[in-house]
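The block underneath contains the structure these notes are about, expressed in structure tokens.
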Amino acid sequence: MEIFERILGIILPVFIIIALGYGYARLRGEAVRSDITPVNRISMEVLCPLLVFTALAAKDFDLANNGMLILAGVLISLGSGLLAWPVARLFGYDVRSFVPPMIYNNCGNMGLPLAILAFGADSLGSAVALFMACNLMYFSVGIKIIESGRSKANGVRISPWKFLANPMMIAMFVGMVFAIVHVPLPAPLFIALKMMGDACIPLMLFALGVRMMDVSLKSWHIGLVGAIVCPAAGLIVAWVLDHVINLSPEQRGQMFLFASLPPAVFCFMVAEQYKQEPEKVASIVLLGNLAAFVFVPVGLWMGLPN
């Protein structure tokens, strides 16, 4: 009973903030779209990169110690995509619509706050390591899958290296340099940057609730299948990895939490940009985040110490 009370204490604050964002969006109506756009831009281009940078540049972050966890994140992302591929073929889905959301889970908006609530503020570095692994896989392998079979006339062409210019990726690479060379920042500067970075966690959750206004249940079948396959495939890969790689208890818990997360809302925005059946990806995202009420507790139950 105690473990379930602990799990509820972890997930309820996250979903309450998401619900508040959705309620605000419903109350404000269409006007909220223009209101939230600059907030999202500041969060994605300034606050979230600072969160990533300060987590990696912190004195207690050990890149070598998180190496196996980063590998686990890469294998879970790729493994989920591989397991999802035959499912897409079985149901006749376009793999460009179905597989990329299985690779890229909601390790940012939902994963980072959940990790802090489950394992404490000191666990943020490990959560960011998994976040980094997932982003690398999606913006390389995932985007390549979406672009496959397209001509320049029919779809958007983006350089496979363009993701390296993303503020998030820049923050990751610069933070990794600091983590490797252990160059300390002046304390007042580090505290200021960390305060700004910490602000993005509730903002991301609130924005996730607002973004739920954009998704629908028109393509409920693919949405339901995707909502199950994404966390189920992740947990299967994590269970296998738990038997073959050596992780600390906290890293093991982080791995199972990461594996249980639903598809990222960002997948819908990418599908819209590429005109890759955005209404179907929207259903995957919406039902997937609703299914998180079931799968995230399962992941926490598998990963939390007794």
| Which Cα, out of VAL270, GLY175, ASN105, lies furthest along the positive dipole direction of the chain (beta carbon charges, K/R +1, D/E -1)? | VAL270
| field | Pairwise FRET efficiency - ILE16 versus LEU78, Cβ, R0 = 35 Å, nearest 0.05 | value | 0.60
| remark: Checked against the positive end of the charge dipole of the stretch 26-65 (+1 on Cβ of Lys and Arg, -1 on Cβ of Asp and Glu, about the Cα centre), the farthest of VAL46, ALA64, ILE36 is ILE36
| query | In angstroms, what radius of gyration and Dmax does the stretch 8-103 have, counting Cα atoms only? | reply | 18.9, 50
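Between ASP62 and GLN273, take the C-beta separation as r, use R0 = 45 Å, and let me know the FRET efficiency to the nearest 0.05. List each step's numbers first, then the result.
Working: r = 37 Å, r/R0 = 0.82.
That gives a FRET efficiency of 0.75.
Less than 15 Å Cβ to Cβ from PHE91, Lys/Arg counted +1 and Asp/Glu -1: what total charge do the surrounding residues give? Each step should come with its number before you reach the end.
Working: positive: ARG89, ARG96, LYS280; negative: ASP94, GLU277.
The answer is +1.
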| field | For the stretch 21-165, alpha-carbon Rg over 2.2 N^0.38 Å | value | 1.22
| query | Where does the stretch 171-306 land on Rg(C-alpha)/(2.2 N^0.38 Å)? | reply | 1.28
| task | Over the stretch 162-306, average the accessible area per residue using a 1.4 Å probe and give it in Å², no decimals. | result | 45 Å²
| Semi-axes of the stretch 71-148's equivalent ellipsoid from the Cα gyration tensor, sqrt of 5 times each eigenvalue, largest first, rounded to whole Å? | 27, 12, 10
| If amide H atoms are built 1.01 Å from N in the plane of the peptide, which residues on other chains or at least 5 residues away come under 5 Å of the amide H of ALA58? | none
| query | Given the Cα-Cα distance of VAL294 and THR37 and 0.36 nm per residue of separation, how much length would full extension add, in nm? | reply | 89.5 nm
| task | Using only the Cα atoms, work out Rg/Rh for the chain, with Rh taken as the Kirkwood radius, to two decimals. | result | 0.95
| remark: One finds the C-alpha centres of the stretch 27-90 and the stretch 184-243 to be spaced, in Å, by 6 Å
| query | Could you work out Rg/(2.2 N^0.38 Å) for the stretch 187-245, with Rg from alpha carbons only? | reply | 1.80
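Mean projection of the alpha-carbon convex hull of the stretch 228-286 over all orientations, in nm²? The partial results should precede the final answer.
Details: hull surface 18.5 nm².
For the Cα atoms of the stretch 228-286, the hull's average projected area reads 4.6 nm².
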| task | Count the lysine pairs in the chain whose Cα atoms sit under 27 Å apart, keeping only pairs 8 or more residues apart in sequence or on different chains. | result | 14
| Given DSSP loops and a limit of at most 13 other Cβ atoms within 10 Å, what is the longest stretch of the chain that contains no such trypsin sites (Lys or Arg not before Pro)? | 60-151
| field | Pairwise label distance in nanometres, TYR24 with ILE170, each label 7 Å out on the Cα-Cβ vector | value | 2.7 nm
| What percentage of the solvent-accessible surface of the stretch 239-306, computed with a 1.4 Å probe over protein heavy atoms, is contributed by carbon and sulfur atoms? | 65 percent
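The values are calculated or read from the model by the stated rules, or taken from the named source; none is laboratory data. This structure is a prediction, so every number in the text was calculated from the model and none was measured. Methodologically, a virtual Cβ is constructed for each residue, glycine included, from the backbone with ideal geometry; neighbour enumeration extends over all protein chains shown. SASA here: full protein model, heavy atoms, side chains in, ligands and nucleic acids out. Shrake-Rupley method; radii C 1.70, N 1.55, O 1.52, S 1.80 Å.
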